[in-house]
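I have placed the structure first, in the form of structure tokens, so that the comments after it can refer back to it.
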Amino acid sequence: MTPRQCEIAAESYSACLLAQAGYDVLVQYGANQPHYDLVANKGESFLPISVKGSQDGGWMLAVKYKKDSATYHEAINKWLQSQRNDTVFLFVQFINISLGYAPRAYLAQPKEIAVHMKTQCHNRGHGALQEDYKRDHPKSKYDHKIPSEWLFTQERLDAIAL
């Protein structure tokens, strides 16, 4: 897929998951809307959802905040400050997914993403979130991966929504 096709596939799959979980889904019109792509609604709950698609095993989140003099922790803090507190990130991963099979999906809030990114690379921090770094880079000394509790489930979505 091209990067644009990956974005479209990730947003479409995310809308499908949210609808399957019993949420109404509102789609923002236009490319690259700031802060969120979808809104998930159930009852009185409205969740702005920022969809991040990937087909290489990771998502570049705080990388643009990493300047020569800044540490990764400082870059991650700047990334966190730029996020809305109510936004929920829905990460969709297509690496090693054959056509016709469902990608893996994860849900996380900005604060927990920042905390996790700071633990990567033996607590030095890293500006990209990695699904499973050791799987994708077997010879690496790093072994960070997305927490299993972030896996998209009805329980995880409902817990965040309440």
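The values are calculated or read from the model by the stated rules, or taken from the named source; none is laboratory data. These numbers come from a predicted model, not from an experiment. Counting neighbours? That spans all protein chains shown, and the Cβs are built from the backbone with ideal geometry, glycine included. The accessibility values were calculated without ligands, DNA or RNA, using every heavy atom of the protein model including side chains. Shrake-Rupley method; radii C 1.70, N 1.55, O 1.52, S 1.80 Å.
Are there trypsin sites (Lys or Arg not before Pro) in the range 87-162 that DSSP marks as loop and that have at most 13 other Cβ atoms within 10 Å, and which are they? Don't skip to the answer; put the middle values down first.
Working: sites: Arg104, Lys111, Lys118, Arg124, Lys134, Arg135, Lys139, Lys141, Lys145, Arg156; in loops: Arg124, Lys139, Lys141.
Answer by residue number: Arg124, Lys139, Lys141.
With the dipole of the chain worked out from charges on the C-beta (+1 for Lys and Arg, -1 for Asp and Glu) around the Cα centre, which of His73, Pro110, Ser12 lies farthest toward the positive end?
The residue sitting most towards the positive pole is His73.
Compute the Kirkwood hydrodynamic radius of the chain, taking the inverse of the mean of 1/r over all pairs of distinct Cα atoms, and give it in Å to one decimal. Could the numbers behind the result be given before it?
Details: mean 1/r = 0.0614 Å⁻¹.
Computed over the chain, the radius equals 16.3 Å.
Bin by bin, in steps of 5 Å, what percent of the Cα pairs in the range 50-138 do you find, going until the bin that has the longest distance?
3, 14, 24, 24, 18, 11, 5, 2, 0
Scale the Cα Rg of the range 7-102 by the rule-of-thumb value 2.2 N^0.38 Å and send over the ratio, two decimals. Present the calculation step by step, with values, prior to reporting the outcome.
Working: Rg = 15.1 Å, N = 96, 2.2 N^0.38 = 12.5 Å.
For the range 7-102, the normalised Cα radius of gyration is 1.21.
Of the heavy-atom accessible surface of the chain (probe 1.4 angstrom), what whole percent is carbon and sulfur? Write down the numbers at each step before the final one.
Working: 4840 of 9120 Å².
Accessible surface attributable to carbon and sulfur in the chain totals 53 percent.
Could you go through the range 133-145 in sequence order and give the Karplus-derived ³J(HN,Hα) for each residue, using 6.51 cos²θ - 1.76 cosθ + 1.60 with θ = phi - 60°, rounded to whole Hz, and x for Gly and Pro?
4, 5, 4, 7, 9, x, 8, 6, 7, 8, 9, 6, 8
Under 8 Å for C-alpha pairs, at least 6 residues apart: give me the relative contact order for the chain, rounded to a whole percent. Each step should come with its number before you reach the end.
Numbers: 263 pairs, mean separation 31.5, N = 162.
Computed value for the chain: 19 percent relative contact order.
Once both labels are modelled 7 Å past Cα along the beta-carbon direction, what's the Lys64-Lys78 spacing in nm?
The modelled label-to-label distance comes out at 1.1 nm.
Taking the chain as the reference, fit the longest principal axis to its C-alpha atoms, fit the long axis of helix 72-81 to the helix C-alpha atoms, and give the angle between the two in degrees, 0 to 90, nearest 10.
Its long axis makes an angle of about 30 degrees.
Give the accessible surface of the range 8-162 per residue, rounded to a whole number of Å², with probe radius 1.4 Å and ligands, DNA and RNA excluded.
Numbers: 8540 Å² over 155 residues.
With all protein chains present, the range 8-162 gives 55 Å² per residue.
So what's the gap between the Cα centers of the range 1-32 and the range 96-162, to the nearest angstrom?
Computed from Cα coordinates, the inter-centre distance equals 19 Å.
Count the lysine pairs in the chain whose Cα atoms lie under 15 Å apart, taking only pairs 8 or more positions apart in sequence or on different chains.
Working: Lys64/Lys78; Lys66/Lys78; Lys66/Lys118; Lys67/Lys78; Lys78/Lys111; Lys78/Lys118; Lys118/Lys145; Lys134/Lys145.
So the count works out to 8.
Out of the range 1-96, which trypsin sites (Lys or Arg not before Pro) are coil in DSSP terms and have no more than 12 other C-beta atoms within 10 Å? Can you show the working numbers first?
Values: sites: Arg4, Lys42, Lys52, Lys64, Lys66, Lys67, Lys78, Arg84; in loops: Lys66, Lys67, Arg84.
Answer in residue order: Lys67, Arg84.
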